[in-house]
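Below is one structure; the comments refer to it alone.
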Amino acid sequence: MTNDIDSNTELTYTYSILEKRGFAALETYSNVHRGSGHFSMVTTRLFEQARNVVLEYLGLNKRKYTVIFGSALSASKLTSKLDAESYQILSSREFGLPLGVHAMAVKKMALPKSIPFNTGGGTARLMSQNWVVWDAAPDRFEAGTPAIINIIVFARALQLIRKSGNNIFLNPVVEKLSASEILYHDELEKSTGIELLNELRKTLIGSEVTVPTTEGAKSFVNLDYAASTPTFIPVWNAVRQTWRQPKKVQQEIIYKVKSICAQMFGAQSTEYDVIFSSNTTEAINLAAESLGRESEPGSEPVIVTTLLEHSSNDLPWRTIPNHSLLRLSVDSEGFLNLNELDVLLRDYNSEGRFGKKRIKLVAVSGASNVLGTFNDLEEISRIVHKYGARLLVDAAQLVAHRKVDIAECDIDYLTFSAHKVYVPFGGGALIVKKGLLRFSSSEMELIQSSGEENAGGIAALGKALVLLQRVGMDLIQEEEQALTRRVLHGLVQINGIQTFGITETDSPKFAQRGGVISFYLKEMISSRVAKELALQGGIGVRYGCLCTHILVKHILGVGPKLEKFQRIIVTLFPGLQLPGVVRVSLGIGNNEEDVDTMIRVLGKIAEKDAKSTDKHATTEHKNSPVLSKKEVKKQIEDFVKAASLRVYSQV
């Protein structure tokens with residue numbers, strides 16, 4: 001009896017440490033790599049440190065090994081290409097943690113040099129419509145955004161396991177709750193609409209963190225929601241409560257969240273399957289792999305995508321054997337040419353003008369991650385199905401911002417990532433019409449079990465979707481469009497700014513524009529603008545090609561000759577920054593003050609840049625900085641180190 005009490009006390013204490021460190025990681029969370037803000041710098045440091053923790057746990061030399069994070073499914077695909085002696089795997093499942101994390105320590109010399117088994121976001125350094133410069137390992141094998149917070153938590157758990165033993169997280173029942181209690185009940189359950197939204201904003205994790213700037217300590221301004229979203233206390237509570245539940249309760253949660261997804265997106269369980277994945281990228285790769293297995297004698301299959309697409313909805317379609325790929329054009333505001341789509345489908349599928357070639361699938365983004373455009377999915381679907389093709393929608397940038405009805409739009413495949421929906425714990429989904437996937441029963445078992453290992457992330461997704469429904473998607477659209485107007489009105493006042501997509505807020509098309517705003521400051525490279533926003537205002541944005549290389553090069557006017565030159569430069573100098581855009585992206589955690597701060601600081605940056613090119617400009621100007629950039633950079637480094645210690649310190 002005494003031993004049981006001691007064991008339970010130690011387990012409770014160990015879980016409390018894990019939760020405390022997980023919360024610390026959430027306080028400064030943003031997506032890793034290619035982000036300019038303080039939070040992105042912290043999360044990138046924590047994420048890369050997790051690789052070192054894995055190697056330390058396994059006693060492996062980091063000069064000889066690299067660590068690749070993934071799901072059970074991606075781990076099985078990678079290891080199938082490796083000799084058994086060239087890698088070791090740790091999974092959160094083997095230690096009793098429902099995180100869905102597999103850490104593969106692989107000999108660097110043993111990694112395959114071929115096209116990655118999963119392609120998409122993060123796997124390519126640069127791409128055009130016809131060629132790809134693949135990224136180096138480990139990024140090359142981590143398609144899409146991984147379960148960043150879960151990976152950091154897993155690394156911290158390994159430190160605790162080294163101290164207390166492999167069984168410390170097994171049988172983790174501390175407080176048994178039902179699936180319904182975790183998913184539907186919280187302190188805000190009696191609120192709806194604007195009241196709930198205002199109360200929810202008060203629980204936004206990280207909203208009170210201050211960061212160093214040239215103007216002194218400032219509240220961090222997160223304008224990077226399109227890259228990844230922060231989360232709220234009720235969502236975090238659902239995660240940590242699920243971690244402590246027995247497998248039976250976790251399975252009930254997974255079942256209920258499938259129903260929540262089906263109800264949220266109008267996908268009747270008799271017509272659609274909900275399959276959890278590690279992210280949108282993995283889901284699209286599954287759809288592409290399945291499509292490649294279909295066979296129609298006498299037909300040569302064609303896939304149609306668009307110039308708008310994120311690499312996750314472009315690269316997977318290139319890898320299907322014996323399939324052709326076509327891309328639809330878009331106008332300057334980011335809208336597809338629906339007449340072109342109709343003519344293309346008619347020429348291929350009805351009139352047979354291209355011999356045996358037939359368009360099988362049209363794959364489009366529900367919302368552009370560069371131009372913020374929401375295309376008319378219902379009309380696209382009508383055209384696609386009129387000619388006997390199928391429709392796949394990459395809804396990664398859609399589901400947190402607009403209502404989506406799969407049945408009403410007659411969508412065949414819909415994919416999205418949880419980390420875009422205020423759930424930075426990994427996970428995503430493929431919602432697909434029954435009978436379309438061509439996998440064996442054993443393959444489907446691996447696919448489903450892989451996604452469902454992350455029970456905590458699935459619980460968080462269910463909780464977040466319930467909260468969004470209670471707030472109301474129409475209200476969310478109204479709130480975000482008001483902020484979008486404010487951004488656009490502010491940008492037009494700044495000299496040298498070129499904004500892309502819909503810029504006229506009184507345009508009839510403005511209702512089809514979301515809170516993703518990309519711009520270019522003339523004479524200043526995007527990476528510098530983004531870093532100046534962080535240094536001077538504590539503002540986090542994203543910059544570069546945004547994993548949408550084809551579109552960004554198109555709107556910047558990069559022609560074929562310059563594109564070829566960039567390919568050479570990137571191959572010779574992988575670390576070199578190429579031209580791109582700066583992206584501001586909004587979510588329900590933002591307010592007018594965030595927008596006004598960004599406009600004010602961006603105006604200062606543009607003004608100073610203009611003065612620096614004026615030989616007669618004086619060096620004195622208003623609002624002189626409190627600290628030099630050198631001092632602030634040192635403070636930021638200290639800030640990042642301190643945040644890292646709050647997570648990984650073993651004191």
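Here, each number is a calculation from the coordinates, and none is a lab measurement. In this text the structure is predicted, and so the values were computed from the model without any measurement. Neighbour counts run over all protein chains shown; Cβ positions are idealised from the backbone, glycine included.
A few points about this structure:
- Extension gain (nm, one decimal) between E637 and K509, 0.36 nm per residue minus Cα-Cα: 41.7 nm
- Shown is the FRET efficiency for L338 and T270, computed with R0 = 41 Å from the Cβ-Cβ distance and rounded to the nearest 0.05: 0.85.
- Candidate lysines for bridging to K633, where Cα separation is under 18 Å - those fewer than 8 sequence places away on the same chain excluded: K218, K531, K641
- Expected 222 nm ellipticity per residue - DSSP helices of 4 or more, -39500 (n - 2.57), all of the chain, to 500: -13500 deg cm²/dmol
- If you take the alpha carbon atoms of region 194-251 and fit the smallest convex hull around them, that volume is 141 Å³ per residue.
- Taking the average, over residues, of other Cβ atoms within 10 Å as the packing measure, peptides 582-591, 639-648 rank 582-591, 639-648 from highest down.
- By average C-beta atoms within 10 angstrom, highest first, the peptides 185-191, 422-428, 70-76: 422-428, 70-76, 185-191
- Ranked K202, K553, K386, criterion: other C-beta atoms within 10 Å, fewest first: K202, K386, K553
- Of K113/K561; K108/K463; K360/K553; K509/K553, those spanning more than 30 Å from alpha-carbon to alpha-carbon: K108/K463
- Mean Cα-pair separation over length for the chain, i.e. relative contact order, pairs under 8 Å, 6 or more apart, %: 20
- Two-site FRET efficiency, S350 against K630, from Cβ-Cβ distance with R₀ of 56 Å, rounded to 0.05: 0.30
- Formal net charge of residues neighbouring E175 (Cβ-Cβ distance under 11 Å; K, R +1; D, E -1): +2
- Annotation: for a label point projected 7 angstrom from Cα along Cα→Cβ of R63, residues of region 101-125 with backbone N closer than 19 Å are 106-111.
- Ranked by how many other Cβ atoms sit within 10 Å of their own Cβ, fewest first, the residues F169, F276, F573, F39 fall in the order F573, F169, F39, F276.
- Estimated FRET transfer efficiency when R0 is 51 angstrom, pair S178-N322 (beta carbons, to 0.05): 0.55
- Net length gained if the chain between T571 and S128 were fully extended (0.36 nm per residue, minus Cα distance): 158.1 nm
- Counting DSSP beta bridges with both ends in region 210-369, the antiparallel % (nearest 5): 35
- In the calculated pair-distance distribution of region 473-648, the portion above 23 angstrom amounts to 52 percent of the Cα-Cα pairs.
- Paramagnetic reach from T79 in region 33-67 [backbone N under 20 Å; point 7 Å along Cα→Cβ]: 51-61, 65-67
- Region 269-451 has equivalent-ellipsoid semi-axes of 25, 21, 14 Å, by the square roots of 5 times the alpha carbon gyration tensor eigenvalues, sorted largest first.
- Span-like helix ranges in the chain, DSSP H, alpha carbon extent 20 angstrom or more, Kyte mean at least 0.0: 38-58, 148-164, 455-471
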